[in-house]
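Report on the following structure.
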Amino acid sequence: MDNNFDVIVIGAGPGGYVAAIRSAQLGLKTACVESRKTLGGTCLNVGCIPSKSLLNASEMYHKAQKEFKNLGIVFTDIKLNLSSMMANKNKSILTLTKGVEFLFKKNKISHLKGKGSILDKNTVIVINDSKKKITYKAKNIIIATGSVPTSLPNIKIDEKIIVSSTGALTFDKPPKELVVIGGGYIGLELSSVWKRLGSNVTVIEYLDHIIPGMDKDISSEFLKILNKQGINFKLDSKVTGVNVIKNKAVVDFTNNKTAKRERIECNKVLVAVGRKPDIGEDITKLSIKLNNQKKIQVNEKFETSVNNIYAIGDVIDKGPMLAHKAEDEGIAVAEIIAGQAGHVNYNVIPAVIYTSPEVATVGKTEKDLKKENIKYKVGKFPFLANSRAKVNNETEGFVKVIADEKTDKVLGVALIGSLAGTMIAELALAMEFGASAEDIARTCHAHPTHSEAVKEAAMAVDKRPIHF
Ligand SMILES: Cc1cc2nc3c(=O)[nH]c(=O)nc-3n(C[C@H](O)[C@H](O)[C@H](O)COP(=O)(O)OP(=O)(O)OC[C@H]3O[C@@H](n4cnc5c(N)ncnc54)[C@H](O)[C@@H]3O)c2cc1C
């Protein structure tokens with residue numbers, strides 16, 4: 001094989017593999033290095049895909065147990081076969097990672113198997129499984145090495161009793177008692193999975209609310225719903241230690257306000273306190289500039305401080321750590337390298353929590369706007385007044401549209417409710433096109449659908465919802 005490329009991408013997650021495909025589409029000779037056995041990165045192997053498979057399967061199990069009888073569907077003897085549920089999840093991972101392999105072949109991308117490091121701005125070294133070192137030359141290098149789970153000081157993840165999200169996707173039985181440290185989206189999605197499958201789940205969160213960064217009305221509604229589902233919360237609490245004693249863990253924590261100390265004995269502890277960029281020593285040696293969170297600093301063209309070296313995805317200092325953000329950056333960086341005008345609009349990146357109901361947001365929160373001194377108006381509409389949600393017994397939650405006080409331009413949207421993750425796409429599109437709340441209110445929405453609640457919330461911005 002000729003070892004000279006126009007582009008070498010390091011990392012085949014949603015950022016890296018998409019950057020490789022787009023580069024190849026644009027006629028650039030492209031290679032992608034990946035140290036994992038399968039392509040697709042965190043997202044396909046131990047992130048978005050396996051978690052959504054378990055969320056879907058556990059929701060079906062829960063509904064079959066608790067809700068089907070209300071619809072007149074009566075079963076007896078519903079049983080959980082966790083190994084089949086896991087096998088179904090693994091099949092999805094295999095199909096999707098193989099799909100990326102197929103796309104690499106189709107686009108004639110060289111898949112370099114092994115750990116990549118950057119020697120200089122035009123040289124990548126790949127060390128394969130048999131420790132063989134191969135040198136490759138590239139006109140452009142894209143770092144897309146993603147992120148790995150982080151922990152708290154003095155808590156060592158062993159992936160047996162004290163696990164990261166990766167371990168919590170492969171339990172061989174539902175832990176009787178599960179403690180989740182961290183009330184962010186990964187912690188809450190996995191809490192939902194194991195609660196539905198039979199665990200007693202307690203979430204310990206340092207802040208006095210769940211989902212940092214979200215407006216209070218959304219996070220308190222979400223907390224109320226999760227509480228009703230039986231998940232226990234210890235908010236405003238700092239975990240001071242986790243000790244493993246004979247196949248069990250003892251979690252100590254202290255309330256930040258009252259200083260009251262508490263202890264929970266449990267079978268598993270999931271540490272879900274965030275993720276950190278996966279940066280190799282080579283990056284440090286090359287003196288690529290990092291910010292104070294050790295993320296790679298890039299400019300609007302995804303250029304690092306070293307010529308010819310670009311970076312995208314979880315590893316950079318821009319935007320949230322989300323797969324679709326990484327994908328969009330992958331497309332943009334390839335287009336920029338090919339001389340086109342690639343761009344990512346960081347004001348319109350949707351975020352979804354795939355619990356039941358789902359929570360989805362895009363754009364600014366009220367908190368952001370207050371900080372930026374921007375005057376705004378809010379329209380809200382509850383799913384309780386939406387006919388489709390009502391017939392489906394999915395009346396929890398609401399839609400909230402935030403628009404500029406003067407221009408009526410939509411600045412942000414938050415939804416909590418069934419299908420929120422699907423409906424947020426309409427709002428992201430509206431915002432990309434600079435829509436006003438009035439534009440959404442005047443757009444005909446099919447009846448009966450959950451999305452009529454979006455239209456009504458847009459009408460509520462002007463205080464004229466019809467059904468509430
Ligand atoms: C449990 C969980 C659930 C999630 N759910 C969602 C979700 O629903 N929606 C969403 O948008 N996001 C979700 N995420 C986040 C999402 O997975 C990440 O934002 C996304 O994968 C980042 O993509 P990336 O390409 O930057 O990096 P990654 O996906 O982390 O890929 C980086 C790849 O680079 C490889 N690599 C690293 N160093 C080297 C090296 N030196 N040489 C060769 N290869 C290397 C790694 O092996 C890895 O495969 C979830 C994450 C987790 C953990």
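When LYS139 is evaluated against the numbered criteria (1) surrounded by 16 or more Cβ atoms within 10 Å (Cβ to Cβ); (2) of a type in the set (Lys, Arg); (3) touching a Phe, Trp or Tyr at 6+ places or on another chain (Cβ under 9 Å), which criterion, by number, is the only one it fails?
Among (1) surrounded by 16 or more Cβ atoms within 10 Å (Cβ to Cβ); (2) of a type in the set (Lys, Arg); (3) touching a Phe, Trp or Tyr at 6+ places or on another chain (Cβ under 9 Å), LYS139 violates only (1).
Taking segment 224-233, which residues are in contact (Cβ under 8 Å) with a residue 12 or more places away in the chain and either aromatic (Phe, Trp, Tyr) or surrounded by fewer than 21 Cβ atoms within 10 Å (Cβ to Cβ) (or both)?
Matches in segment 224-233: ILE225, GLN229, GLY230, ASN232, PHE233.
Taking the condition surrounded by 14 or more Cβ atoms within 10 Å (Cβ to Cβ), away from the ligand (no atom under 16 Å from the Cβ) and closer than 25 Å to GLY146 by Cα, does SER305 pass? Step through it out loud before you land on a result.
Values: surrounded by 14 or more Cβ atoms within 10 Å (Cβ to Cβ): yes; away from the ligand (no atom under 16 Å from the Cβ): yes; closer than 25 Å to GLY146 by Cα: yes.
For SER305, the condition - surrounded by 14 or more Cβ atoms within 10 Å (Cβ to Cβ), away from the ligand (no atom under 16 Å from the Cβ) and closer than 25 Å to GLY146 by Cα - is met.
Give VAL193, VAL203, VAL180 a once-over and let me know the one that is in contact (Cβ under 8 Å) with a residue 60 or more places away in the chain, part of a strand (DSSP E or B) and under 21 Å from the mean Cα position of the chain (by Cα).
Result: VAL180 is the single residue among VAL193, VAL203, VAL180 that is in contact (Cβ under 8 Å) with a residue 60 or more places away in the chain, part of a strand (DSSP E or B) and under 21 Å from the mean Cα position of the chain (by Cα).
Would you point out which residue out of PRO465, PRO382 is under 26 Å from ASN70 (Cα atoms) and touching a strand residue (DSSP E or B) at 6+ places or on another chain (Cβ under 8 Å)?
Numbers: PRO465 fails: under 26 Å from ASN70 (Cα atoms).
Just one listed residue meets the conditions, PRO382.
Provide a single number: the residues in segment 240-250 that are β-branched (Val, Ile, Thr) and either closer than 21 Å to SER192 by Cα or surrounded by fewer than 13 Cβ atoms within 10 Å (Cβ to Cβ) (or both).
Kept after step one, since they are β-branched (Val, Ile, Thr), are these residues of segment 240-250: 240, 242, 244-245, 250.
Still in the list and also either closer than 21 Å to SER192 by Cα or surrounded by fewer than 13 Cβ atoms within 10 Å (Cβ to Cβ) (or both): 245.
Residues that pass the stated criteria total 1.
Considering only segment 375-404, state which residues are loosely packed, with under 15 Cβ neighbours inside 10 Å, assigned to a loop (DSSP other than H, G, I, E, B) and not basic (Lys, Arg).
The answer is ASN393, and nothing else.
If the requirement is being surrounded by 14 or more Cβ atoms within 10 Å (Cβ to Cβ), modelled with pLDDT of 95 or more and not β-branched (Val, Ile, Thr), which of these qualifies: ASP314, ASP282?
After applying the criteria, what remains is ASP314.
Near the ligand (Cβ under 7 Å from one of its atoms), under 25 Å from GLU189 (Cβ atoms) and either out of contact with any Lys or Arg (no Cβ under 8 Å at 6 or more places or on another chain) or touching a residue at least 12 places away in the same chain (Cβ under 8 Å) (or both) - does that describe any residue in segment 23-37?
Yes - at least one qualifying residue is present in segment 23-37.
Looking only at segment 343-362, which residues are surrounded by 21 or more Cβ atoms within 10 Å (Cβ to Cβ) and among the small types (Gly, Ala, Ser)?
Once the filter is applied, which keeps residues that are surrounded by 21 or more Cβ atoms within 10 Å (Cβ to Cβ) and among the small types (Gly, Ala, Ser), segment 343-362 yields only ALA360.
Checking VAL239 against (1) in a strand (DSSP E or B); (2) among the β-branched types (Val, Ile, Thr); (3) under 29 Å from GLU329 (Cβ atoms), which test does it fail?
(3)
Please name all residue pairs, on different chains or six or more residues apart, with Cβ atoms under 7 Å, provided the first residue is in segment 48-71 and is among the hydrophobic types (A, V, I, L, M, F, W, C) and the second residue is more than 14 Å from the ligand (Cβ to nearest atom) and at pLDDT below 95.
Pairs found: ALA64/PHE75; ALA64/ILE78; PHE68/PHE75.
I'm checking my understanding of the structure. Among residues of segment 106-141 that are hydroxyl-bearing (Ser, Thr, Tyr) and in contact (Cβ under 8 Å) with a residue 40 or more places away in the chain, which one is nearest to GLN25 (Cα to Cα)?
Applying the filter and picking the extreme gives SER110.
Within segment 138-171, which residues are part of a strand (DSSP E or B), away from the ligand (no atom under 11 Å from the Cβ) and either over 22 Å from GLU189 (Cα atoms) or of a type in the set (Gly, Ala, Ser) (or both)?
Passing the criteria: ALA138, LYS139, ASN140, ILE141.
The values are calculated or read from the model by the stated rules, or taken from the named source; none is laboratory data. The structure displayed is predicted, hence computed values, not measured ones. Reconstructed Cβ throughout: ideal geometry from the backbone, glycine too, with neighbour counts over all protein chains shown.
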